[in-house]
Amino acid sequence: MGRSLRVCECNPSRVRIRPLVLRCKARDVSEVSLKQLRCFVAVYTERSFTRGARLLGMQQSPVSQAVAALERQLDQRLFERRAREIIPTAAADTLYPEALELHRRASSLPQLFAETRGGQYRPRLRLGAASSAFPAIVRGAVEALDEYSLIVSDGASAQLAQALDTGDIDACLIREFDSSRPDERVAFRERLVVAVPNTHQWADLASLTIADILEHPVITFSRENAPIAFDLVASLFLEAGSSMNVVANLSTEQAILGLVGAGVGISIVPQSVSLESWGGVTFVPLAESYPTYPLTVRTAPGDPLELLDSLTVALASWAQGRGLS
């Protein structure tokens, strides 16, 4: 991407730490451990001790014990236990963003000191991105975040959202949108295009319609990995009175386009994917397509690094400059 992505820690002066308003016993708070906070975050995000333990790869008993010990040390009830569910209390809602911040800082102390000794300190940012954001959109994000040392990871939108909620990444670029969350924005919405083999008779066309491709083999995302992408494409076929002739359900654009280039079928992908050259693949505009496919910026709860507005604006400008929205 033109520059190395290095590891360092977030600058404490850039991080807003809100006061933790909890009535605690001072002698007990000093005994709170990162393990306890990690268990608390997992249970809080999963709303279940069983699922929280599974997320951490632990047995349920030590997770329950860690949370119970944390409650004793803080002198606060963090969860209301019910027969089939647990409900976070107001104290848990207050503790959650603070626990994420403590985990984020503690996990990066080795990198912080290593870079400080080397005189190369830059604030660290862990960015996750859906596969359809690679490489074009991620390159735009890297340019917008050049003051940071980036660690970039990929995954399905649901996986990235979970990693964000458990404090394993700081921000993500995903293909879903939850209007109830104050810590996310849609940076832009883009059109869909048809990916066809270079040797296909359609490769030289100015555009295609859904009617043109109704009977053609389609390679698409599995709905489990990319529900919005799958539903958008499926709805185009349903509106035309047909269903997709699906020959493969895959998890990444890279795999999908590999099969397209091999002549297995065609695919319908975001326009931003067509900004890059893919071996054996040509992208043809879809005549009925409108800017409906979202690229959403989501940050950790409370946006502690103050990334949301600046990154959203930067990516919106990047997309506009490339005719994506």
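Below are the figures for this structure:
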read-out: Some residue of segment 97-108 being surrounded by 19 or more Cβ atoms within 10 Å (Cβ to Cβ), touching a Ser or Thr at 6+ places or on another chain (Cβ under 7 Å) and either modelled with pLDDT of 90 or more or on the phi < 0 side of the Ramachandran plot (or both); value: no
read-out: Selection status of GLY265, more than 23 Å from VAL138 (Cα to Cα) and over 21 Å from the mean Cα position of the chain (by Cα); value: yes
read-out: Positions within segment 172-215 being assigned to a strand (DSSP E or B) and in contact with a Pro (Cβ under 9 Å, 6 or more places away or on another chain), in sequence order; value: ILE174, VAL186, ALA187, PHE188, ARG189, GLU190, LEU192, VAL193, VAL194, LEU208
read-out: Condition check for SER274: of a type in the set (S, T, N, Q), part of a helix (DSSP H, G or I) and either outside the structural domain of VAL142 (by TED's automatic domain parsing) or farther than 30 Å from LEU125 by Cβ (or both); value: yes
read-out: ILE137 vs. criteria in a helix (DSSP H, G or I) and either modelled with pLDDT under 95 or closer than 15 Å to TRP318 by Cα (or both); value: yes
read-out: Residue in segment 294-309 that is closer than 30 Å to GLU215 by Cβ and not aliphatic (A, V, I, L, M) present; value: yes
read-out: Matching residues in segment 141-193 - criterion: being within 9 Å of the chain's Cα centre (by Cα) and β-branched (Val, Ile, Thr); value: ILE169, ILE174
read-out: Answer from ILE210, ILE151, ILE174, ILE169 - the residue that is over 30 Å from LYS35 (Cβ atoms) and β-branched (Val, Ile, Thr); value: ILE210
read-out: Exclusive hit being assigned to a helix (DSSP H, G or I) and either at pLDDT 95 or above or surrounded by fewer than 18 Cβ atoms within 10 Å (Cβ to Cβ) (or both), set VAL269, VAL246, VAL218, VAL260; value: VAL260
read-out: Cβ-Cβ under 6 Å pairs, at least 6 apart or on other chains, segment 65-77 side under 12 Å from ALA92 (Cα atoms) and in contact (Cβ under 8 Å) with a residue 40 or more places away in the chain, far side surrounded by 14 or more Cβ atoms within 10 Å (Cβ to Cβ) and small (Gly, Ala, Ser); value: GLN76/ALA91
read-out: Number of the exception - PHE230 against (1) in contact with a strand residue (DSSP E or B) (Cβ under 6 Å, 6 or more places away or on another chain); (2) crowded, with 16+ Cβ neighbours inside 10 Å; (3) modelled with pLDDT of 95 or more; value: (3)
read-out: Odd one out for PRO217 among (1) within 18 Å of ALA130 (Cβ to Cβ); (2) touching a strand residue (DSSP E or B) at 6+ places or on another chain (Cβ under 6 Å); value: (1)
read-out: Residue match in segment 188-211 (condition: at pLDDT below 90, surrounded by fewer than 18 Cβ atoms within 10 Å (Cβ to Cβ) and out of contact with any helix residue (DSSP H, G or I) (no Cβ under 7 Å at 6 or more places or on another chain)); value: no
read-out: Total residues in segment 122-171, condition surrounded by 19 or more Cβ atoms within 10 Å (Cβ to Cβ), among the hydroxyl-bearing types (Ser, Thr, Tyr) and without any contact (Cβ under 8 Å) to a residue 40 or more places away in the chain; value: 1
read-out: Unique match (being among the β-branched types (Val, Ile, Thr), under 24 Å from SER325 (Cα atoms) and touching a residue at least 12 places away in the same chain (Cβ under 8 Å)) among VAL246, VAL196, VAL260, VAL264; value: VAL196
read-out: Filter result (surrounded by fewer than 18 Cβ atoms within 10 Å (Cβ to Cβ) and in contact with a helix residue (DSSP H, G or I) (Cβ under 8 Å, 6 or more places away or on another chain)) within segment 303-313; value: GLU306, SER310
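For every residue, the table says whether it meets (1) in the same structural domain as GLN162 (by TED's automatic domain parsing); (2) surrounded by fewer than 15 Cβ atoms within 10 Å (Cβ to Cβ); (3) over 26 Å from the mean Cα position of the chain (by Cα); (4) at pLDDT below 90.
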residue: TYR44; (1), (2), (3), (4): no, no, no, no
residue: SER61; (1), (2), (3), (4): no, yes, yes, no
residue: ALA69; (1), (2), (3), (4): no, no, yes, no
residue: PHE79; (1), (2), (3), (4): no, no, yes, no
residue: ARG82; (1), (2), (3), (4): no, yes, yes, yes
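The values are calculated or read from the model by the stated rules, or taken from the named source; none is laboratory data. Predicted, not measured: the structure shown is a model, and the values here were computed from it. Ideal geometry is used to build each Cβ from the backbone, glycine not excepted, and the neighbour counts take in all protein chains shown.
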